[in-house]
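The structure appears right after this line, and notes come after that.
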Amino acid sequence: MSDWQTFIESQPTQLQDGNYICDASELGLILVTGDDAKDFLQNQLSNDIAEIDENHFQLSSYSTPKGRMLAIFRIAQIDNGYLLICPLSLLPELLPRLQMYVVHSKVSLADASAHFSRIAILTDHADVIEQSYLPTNEAEVVQSDSLIALNFGQSDDQSRFLLLSLVVDEAITIWKQLSESLQTSSFSAWRLSEIKAGIPVIYTETSEQFVAQMSNLNLLGGVNFKKGCYPGQEIVARMQYLGKLKRRMFLARINTDECPAPGDDLVGTNVEVADGSGKVVDAVLDHQGHCYCLYIAQIKKAVGNSLQLLKQPKAEFYPLELPYPVSED
């Protein structure tokens, strides 16, 4: 067990919805290095790698040739390459798949998760937000020799940050400093903040289920339609320019004590078998026991409030507005 995990396990945690810090070890890090790293990522991912630098990160996706997403990343440029941030549970499948496309390129891929202590922060406290090591604006990065800090934007009017530290002692010092102002929560709280912010996450259970536009990734700046080819690009472009989007991502509160899991089926009203109506992206209970859920579903059924959980047909849906503009056209 690492020194960081030993320290984290000594910290009391209680689910909090705001003004907290939490251990983010459930996030994995893929390190991409080498002379051809930039070109390699440009040829694999949905966004334009040329638009990021050491001061700005971006949202992007990695898909099959059929346009089905295998992962959604936040990508940061560092001194010797790039860091791809996604759920740690995806890495055993993602790394070998990405490695297949390296061929003769000067690119190295590695799981760098164990090298970084990861801390997530959600707060509206000025004394925390104004710390010099935290970036001011959404999608900005502040880097030092041992610390990378990313600004993930807001959720519930509170600012969100992810810290990646190469030095355990530094991470522990920061944790102790922040815990004087903030409560300690579990990673479920961070997942909840992603849900309320309308940010999709791909898990093992939902891998290869969704095209980028279904998850609103195009509305979040995670797709560049002017860049060159990448796996699934033709499908994504065809949907954007020639097709009419029939499914997209929605946010709701569900009246249930047991949140559904990623990949759980949504069906039409009074339907008792999976009918392709939709799937859960992610769902988490808040500290009051309310279940918040992102789900991708047929637009007509979602707007018409004619959906239910296959496993919990009596659980009522209360639609919520996403925190960014969405068109039904």
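Read-outs throughout are calculated quantities, based only on the coordinates presented, and are distinct from any laboratory measurement. Keep in mind that this is a model prediction, so the values were computed, not measured. Here the Cβ is made from the backbone with ideal geometry for all residues, glycine too, and neighbour counts use every protein chain on show.
Some observations on this one:
- Pairs with C-alpha atoms separated by more than 24 Å, drawn from the list Lys106/Lys226; Lys196/Lys300; Lys38/Lys226; Lys279/Lys301, are Lys106/Lys226.
- The packing ranking, built from the mean of other Cβ atoms within 10 Å per residue, places the peptides 240-248, 57-65, 43-51 in the order 57-65, 43-51, 240-248, highest first.
- Across region 15-196, the mean sequence separation of Cα contacts (distance under 8 Å, 6 or more residues apart), normalised by length, yields a relative contact order of 30 percent.
- For the pair region 265-302 / region 1-32, the C-alpha centres are spaced 28 Å from each other.
- Projecting the Cα atoms of Leu95, Ala112, Gln177 onto the charge dipole of region 82-227 (Cβ charges, centred on the Cα centre) puts Leu95 farthest toward the positive pole.
- Mean Cα-pair separation over length for region 1-98, i.e. relative contact order, pairs under 8 Å, 6 or more apart, %: 28
- Region 84-108 and region 164-230 have their alpha-carbon centroids 19 Å apart.
- Stretch gain in nm, segment Thr6-His115, where the contour uses 0.36 nm per residue and the Cα spacing is subtracted: 37.8 nm
- Cα gyration tensor category, rounded, prolate or oblate, for region 213-281 with a/c compared to 1.5: prolate
- Counting only Cβ charges, +1 for Lys and Arg and -1 for Asp and Glu, the dipole size of region 1-116 around its Cα centre is about 500 debye.
- Rounded if a/c under 1.5, otherwise prolate or oblate - the chain, Cα gyration tensor axes: oblate
- Net charge of neighbours whose Cβ lies under 9 Å from the Cβ of Asp282, counting Lys and Arg as +1 and Asp and Glu as -1: 0
- Surrounding net charge for Pro92, when Lys and Arg each add one and Asp and Glu each subtract one, Cβ distance under 15 Å: -3
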